[in-house]
Amino acid sequence: MAGRSTAKTADIGTRQRLMAATEEIMREDGYAAATSRRVAERAGVRSALVYYYFPTMDDLFLAVLSDSGDQALERMRQALTDDGFDAVFPVEDVVDPRKRVISGYGR
């Protein structure tokens, strides 16, 4: 059973590395620059693994955007439940992760 747990952890790690590499490339050089080969190279894996974890590049892009949205929601929850809550706080503090990724799309 320990082997399965280790493999599952490795799968999650590889998936996260692919998503992080994609986000970095999109932020640096734009959406069109995030090719499967470049993402794999940045993540330190074989390019075939991109399609093992994500059937299409669109699936990978959506996973990155979804993760960024989840991070933004968590930051908003934290801001709203903070003891020193102030009804006025910079929106950029909440949406920054998604803004970083999307800003690369227009390039």
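Where a number appears in this text, it was derived from the coordinates with a stated rule and is not lab data. Small disclaimer: the values here were computed from a predicted structure and weren't measured. In this analysis, Cβ positions are derived from the backbone assuming ideal geometry, glycine residues included, and neighbour counts consider all displayed protein chains.
Numbers below:
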read-out: Under-5 Å amide H pairs with Thr35, H placed in peptide plane, nonlocal only; value: none
read-out: Segment 39-55 - phi-based ³J(HN,Hα) in whole Hz, Karplus 6.51/-1.76/1.60, Gly and Pro as x; value: 4, 4, 4, 5, 7, x, 10, 5, 4, 4, 5, 4, 7, 5, 8, 9, x
read-out: Vicinal HN-Hα couplings computed from phi for segment 62-75 (Karplus, 6.51 cos²θ - 1.76 cosθ + 1.60; Hz; Gly/Pro x); value: 5, 5, 5, 5, 5, 4, 5, x, 4, 5, 5, 5, 5, 5
read-out: Calculated FRET efficiency for the pair Arg46/Asp70, C-beta based, R₀ 22 Å, to 0.05; value: 0.20
read-out: Rounded to whole Å, sorted largest first: equivalent-ellipsoid semi-axes of segment 9-77, Cα gyration tensor; value: 20, 14, 10
